[in-house]
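All remarks here apply to the structure that follows.
The values are calculated or read from the model by the stated rules, or taken from the named source; none is laboratory data. All values reported here derive from a predicted model rather than from experimental measurement. Virtual Cβ from ideal backbone geometry, glycine too; neighbours counted across all protein chains shown.
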C-alpha cells in the first residue's frame with residue numbers, strides 16, 4: 001500500500017511539473033531544448049511510476065489471478081527502480097543549465113559574466129522556496145539527486161549576489 005501511495009504521489013507531482021513546464025519557453029540561444037528534454041524525462045518517470053503502481057496493485061489481490069505472471073512482475077520492479085535512479089542522475093546536469101540561464105549575458109565592468117539576470121527579490125524568493133521545499137534535507141550527508149540538485153542551485157544563487165537591480169545601479 002505504501003508503494004501505491006508513494007508512486008501515485010510522485011506521478012501527481014511530475015504531472016503538475018509537466019503541465020507547468022508546458023507553458024514555458026526559453027528563448028536564450030543554446031537552451032531551447034532544456035524544457036522539452038525535462039518534460040520528456042518527467043513523462044518517462046510518470047510511465048515508470050504508473051507501471052510500478054499497477055504491479056503493486058496486482059500484488060494486493062487476496063488470491064493470485066490465473067494467467068498473471070507474478071514472478072515476471074516481481075522481477076520488473078528492480079528494473080523500474082534502477083531506471084528511475086538512472087533518470088535522476090540527469091538532474092544535476094539540468095540544474096547546471098538552469099544556473100547558466102540565470103547568468104546575465106552582459107559582462108560586468110571587469111568583463112566577466114557573473115551577474116544574475118533576476119532581481120534580488122526573485123533570487124531570495126528562489127532561495128526561500130528551496131529552503132521551504134527541501135528543509136533540513138539540504139544539510140544532510142546523504143542526498144538524493146533531487147536534493148543534491150537543490151543544494152547546487154541554492155549554492156549558485158547564494159554565490160551570485162549581484163542581481164539585475166544591484167549591478168545595473170553600478171554601471
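Points worth noting:
- Only one entry of 20, 38, 83, 27 meets the criterion of being more than 17 Å from the chain's Cα centre (by Cα) and within 29 Å of residue 97 (Cα to Cα), and that entry is 27.
- All of (1) outside the structural domain of residue 157 (by TED's automatic domain parsing); (2) surrounded by fewer than 14 Cβ atoms within 10 Å (Cβ to Cβ) hold for residue 18 with one exception: (2).
- Scanning the range 14-25 for residues that are over 13 Å from residue 43 (Cβ atoms) and in contact with a helix residue (DSSP H, G or I) (Cβ under 9 Å, 6 or more places away or on another chain) turns up 24, 25.
- Residue check for residue 136: assigned by TED's automatic domain parsing to the domain that holds residue 2, modelled with pLDDT of 85 or more, surrounded by fewer than 14 Cβ atoms within 10 Å (Cβ to Cβ) and out of contact with any strand residue (DSSP E or B) (no Cβ under 8 Å at 6 or more places or on another chain): no
- In the range 110-132, the residues that are closer than 23 Å to residue 13 by Cα and surrounded by fewer than 12 Cβ atoms within 10 Å (Cβ to Cβ): 128, 132
- Set 64, 107: member being exposed (fewer than 13 other Cβ atoms within 10 Å of the Cβ) and in contact with a helix residue (DSSP H, G or I) (Cβ under 8 Å, 6 or more places away or on another chain): 64
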